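A quick write-up on the structure given underneath.
The values are calculated or read from the model by the stated rules, or taken from the named source; none is laboratory data. What you see is a predicted model; the values in this text were computed from it and never measured. For neighbour counting, all protein chains shown are included, and Cβ atoms are generated from backbone atoms with ideal geometry for every residue, glycine included. The accessibility values were calculated without ligands, DNA or RNA, using every heavy atom of the protein model including side chains. Shrake-Rupley method; radii C 1.70, N 1.55, O 1.52, S 1.80 Å.
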Amino acid sequence: QVQLVESGGGLVQPGGSLRLSCAASGSIFRLYILGWYRQAPGKQRELVATMSSGGTTNYADSVKGRFTISRDNAKNTVYLQMNSLKLEDTAVYYCNAHIASINTWGQGTQVTVSS
């Protein structure tokens, strides 16, 4: 089963950028549907972006045009490039890998947007 480790979170000013990375173990990484989700204090976890094994992407309306999900199957890594960050993007961001009945989460990385 795949294991996921996120990195790249931090504190950034509004309008700034961050890139999150999620490194995965496992030999069939290329077959997984990969995603980024986030959870703000007092709110439910919500989808940010997903990418299928074939490269099809899906984004939440709130991040379209600002965030980009990508994957490097050779490095077993999925990325989330976040530009034009807003205060409301503050949350813990979680990486997810899904295939068949397997659904795995990373431990999360904090992103704080503040002036």
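Data table
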item: For the chain, accessible area per residue (1.4 Å probe, heavy atoms of protein chains only), Å²; result: 52
item: Whole-percent carbon and sulfur share, accessible surface of the range 25-115, 1.4 Å; result: 49
item: Which of S84, S27 is most accessible, then next, and so on - probe 1.4 Å; result: S27, S84
item: Radius ratio Rg over Rh of the range 4-82, counting only Cα atoms, Kirkwood formula for Rh; result: 0.96
item: The chain, dipole about Cα centre (Lys/Arg Cβ +1, Asp/Glu Cβ -1), debye to the nearest 20; result: 100
item: Accessible surface, 1.4 Å probe, highest first, among residues D61, D72; result: D61, D72
item: Part-to-part distance (alpha-carbon centres) for the range 1-68 and the range 90-113, which is given in Å; result: 7
item: Exposure ranking of R45, R71 by accessible area [1.4 Å probe, largest first]; result: R45, R71
item: For the range 1-62, size of Cβ-based charge dipole, Lys and Arg +1, Asp and Glu -1, in debye; result: 60
item: Cross-link partners of K64 among lysines (Cα-Cα below 21 Å; sequence separation of 8 or more within a chain); result: K43, K86
item: Scattering curve values for the range 49-115, log₁₀ I(q)/I(0), Debye with Cα scatterers, q = 0.14, 0.18, 0.25, 0.28 Å⁻¹; result: -0.48, -0.78, -1.33, -1.46
